[in-house]
1. Take the conditions farther than 18 Å from Trp296 by Cα and in contact with a helix residue (DSSP H, G or I) (Cβ under 9 Å, 6 or more places away or on another chain) and apply them to Ile414. Does it pass?
2. I'd like the full set of residues that are open to solvent by 10 Å² or more (accessible area, probe 1.4 Å) and either under 18 Å from Gly64 (Cβ atoms) or more than 18 Å from the chain's Cα centre (by Cα) (or both), limited to the stretch 96-113.
3. I need the helices (runs of 4 or more DSSP H) fully contained in the stretch 226-345, keeping only those with at least 1 residues that are open to solvent by 60 Å² or more (accessible area, probe 1.4 Å) and farther than 27 Å from Leu93 by Cα.
4. For the stretch 183-198: of the residues being modelled with pLDDT of 90 or more and open to solvent by 50 Å² or more (accessible area, probe 1.4 Å), which is nearest to Trp413 (Cα to Cα)?
5. Output the residues belonging to the stretch 50-65 that are of a type in the set (Phe, Trp, Tyr) and part of a loop (DSSP other than H, G, I, E, B).
6. Do we have Asp42 as in contact (Cβ under 8 Å) with a residue 12 or more places away in the chain, under 24 Å from His338 (Cβ atoms) and of a type in the set (Asp, Glu) here?
7. In the stretch 122-155, how many are part of a helix (DSSP H, G or I), under 14 Å from Cys396 (Cβ atoms) and among the hydrophobic types (A, V, I, L, M, F, W, C)?
8. Name the single residue, out of those in the stretch 199-210 being surrounded by fewer than 18 Cβ atoms within 10 Å (Cβ to Cβ) and assigned to a helix (DSSP H, G or I), that is nearest to the chain's Cα centre (by Cα).
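The values are calculated or read from the model by the stated rules, or taken from the named source; none is laboratory data. Keep in mind that what you see is a predicted model, and the values were worked out from it rather than measured. Glycine gets a Cβ as well: all are built from the backbone with ideal geometry, and neighbour counts include every protein chain shown. Ligands, DNA and RNA are excluded from the accessible area calculation, which covers all protein heavy atoms including side chains. Shrake-Rupley method; radii C 1.70, N 1.55, O 1.52, S 1.80 Å.
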Amino acid sequence: MEAEIKKQQAIQSKHLQKIEYVLGIAAIFFVLILGNVLLKTDMLFFRLLIGTGLGYTLTRAYTGFAGSINRAYKTGSTKLLRAMALMFFITTLATTTFLLYSNPASYDLWINPINLGLIAGGLLFGFGMAFSSCCASGVLTDLATGFPRALITLLFFGMGIFIGFPIQHTASWITNSWFTTSVGNQLQGGVFLPDLFKWDGLGGYLGAILTTALFCGITVYLAYRYERKRKQQNRYIEHETEKMQELPNKFDSKDCKLFSQETYNRIFIKPWTLKQGAIVISILFVLLMGVTKAGWGASTPFGIWFGKLLMFLGVSPESIASFTKMSAEPFVLPFFEHPISVQNFGILVGTIIYLLTAGKMKTMFLEGAHIRKKEAALFALGGITMGLGTRLANGCNVGALFTPIANYSLSGWIFFLFLALGGIVGNMLAKRLF
């Protein structure tokens, strides 16, 4: 009887997977066809495609910025951290092609100020991502894989950003930079690395890319040393997804058939390695910067969405604009006409597409469906500290870390350092509380 029940469950599971496969393929066509028809401009459609690609890659490669620190602390594995360093270098090297033969002022470079806000924001953001186990981009992918946690985090993330808007726009310790260079001063104020090497024969870009390579190399070296120490202390835990990603490829071309389960597995299901994920994200970033003349941002819309929620509850746009020290326009602009909101929506769509085409949607969704009250409180605290941190540092894991590094802003590396410190402290405290 028990064997028969298990057999029926296996049949039902396979049937459900086939339904998810069909829905996943349908979702792809929805993005390609209806997205192009329903969105008002080609640029919004491009944003949707980029966001979908980012969400798909983050999920299929089991990668993320928060995980680079959280995973290292919890398991001792620094493979994700090292993949992030590789991604930083590849992206910076690729974007140099744009900047080397053009005026940097023609791009919206994120040369962020270096000040107390950057340090405090990095610490707060790292602290929060340890509590919520995600970051600005991660909370969007987690809406499909850990809905209650992600929803609580997103709500309080938006609240933290909304509360931080007036501070970000008025406090001199956030807007003014301790150090500036010529190009950096023309933008937001900050240090543009090529300005430090104008004598190198390539407008400073040779020295800047070598400096970036040095910083990435130091990151990888320290990561290896930390991982080795954990292994020597028998405190290293092999991460399950990394083990799955590194399974040997058993594919043999003599068995290749276009319409087969094996082919489908290779195209839609088999996880990408961390390095593959890093390379694809680098390519998407370069496409985004080449078309939009700006980098990848994610967190500011969360605060705008929170403002829209307040408007739904009866608060006037004028009151919101007065509080945030911003124009009312972003808050009254329809959701699908705001470029970054559309891009963020694409990240969620990309996640759902991978989970459906891989037949993992139900399993992943149910695994993250239950949380305890204490966990909910921690996710709320993590969300609000991350939100406030983004306003102090003028960005999140992509807006204050990835994009500034790719744009040769020294602020990105400083944010990285304090984000890591905040993540360590946050993980230590979360471990005690849990």
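1. Yes; evaluated as a whole, the condition is true for this residue.
2. Thr96, Thr97, Phe98, Leu100, Tyr101, Ser102, Asn103, Pro104, Ala105, Ser106, Tyr107, Asp108
3. Per the criteria, 240-245, 261-264, 300-312, 317-324, 329-332.
4. Leu196
5. Tyr62
6. no
7. Going through the stretch 122-155 one residue at a time, the tally reaches 9.
8. Out of the qualifying residues, it is Leu210.
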